[in-house]
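Student: One structure, as C-alpha cells, below. Some questions next.
The values are calculated or read from the model by the stated rules, or taken from the named source; none is laboratory data. All values derive from a computational prediction rather than experimental measurement. In this analysis, Cβ positions are derived from the backbone assuming ideal geometry, glycine residues included, and neighbour counts consider all displayed protein chains.
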Amino acid sequence: MAGDEHYHPKDAVKAAFHAAGVVGTSGFFVAAVHNALQRENVGALSVFTRSGGIIAVFAIGGGAYNFTKIASANLRQKNDPWNSALGGFVAGSVIGMTRRRMPVVLGLGAFVSATMGAFEFTGARLRGWADRPEEDEFERKIAMRANRRRPIEETIAEIGEGRGIRPEGYEERRRERLKAKYGVDINPVKATVE
C-alpha cells in the first residue's frame, strides 16, 4: 500500500469498542429477525434471552477483528493486507468457537482470514480496485462519456425514430408516412401569429 513509510499508530482499544458496538448492533438486528421467525410466540425480550448469543458473537467477532488488525498494524508499523488477514483469523476463530470443535475454529479462522486478506489486497472496495488519487473524478467521467458516446445516426438506425427521438426532417417524414398509410394530410399548427 502507498504511504507505508509514514505509518501513524492508532488506538486499537478505542477502535475495537467502536467496531464491537457497530457490529453488535447489526447482530442485534440479526437476532431480532431470528426471533421474529420463531414458530411459537417467544416475546420481545427473547431477542436477548434466546438469541443473545448471536449478538455476543457479532460484537466479540467485530471487536476482535478491529483490535487485531490495528494492533498488528501498530506492531509492524505497516498498513497492508496481512493485518486484515490476522484480524480475519481471530474473528473467524471467534465464530468457530460457537461449534466447540478445534477443526471448525481453525477452518473458519483460515477462511475468514483468506477472505479478508484478499478483500484488503484488492483495494478493500466492492466496486473494484482502489481509487486513483492522481486522477480527477470529473475529468475521468468526461473521458468515460466521450469513450462511450455513439453518433445519433447510429442510435436512430438501431432503435428508430419517434418516442421522443426527433432528428432533422422527422416531421416531414412523419407527414409522408401518414399520407401514404392513411391518406391523411397533416398540416402543423403554428403557435406564432403571422
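Student: State the number of residues belonging to the range 31-76 that are hydroxyl-bearing (Ser, Thr, Tyr) and under 27 Å from the mean Cα position of the chain (by Cα).
Tutor: Residues that pass the stated criteria total 3.
Student: If you check Gly43 against the conditions, is it of a type in the set (Gly, Ala, Ser) and at pLDDT below 85?
Tutor: Yes, satisfied.
Student: Among the helices (runs of 4 or more DSSP H) contained in the range 2-96, which hold 2 or more residues that are under 26 Å from Ala118 (Cα atoms) and in contact (Cβ under 8 Å) with a residue 12 or more places away in the chain?
Tutor: Of the helices (runs of 4 or more DSSP H) lying wholly inside the range 2-96, those with at least 2 residues that are under 26 Å from Ala118 (Cα atoms) and in contact (Cβ under 8 Å) with a residue 12 or more places away in the chain span 12-36, 52-76, 81-96.
Student: Under 9 Å between Cβ atoms, which residue pairs at least 6 apart in sequence (or on different chains) link something in the range 143-172 that is on the phi < 0 side of the Ramachandran plot with a partner that is among the acidic types (Asp, Glu) and loosely packed, with under 10 Cβ neighbours inside 10 Å?
Tutor: Arg150/Glu158; Pro167/Glu153
Student: If you don't mind, another one. Would you mind stating whether Ser93 is of a type in the set (Ser, Thr, Tyr), over 23 Å from the mean Cα position of the chain (by Cα) and surrounded by 15 or more Cβ atoms within 10 Å (Cβ to Cβ)?
Tutor: The answer is yes for Ser93.
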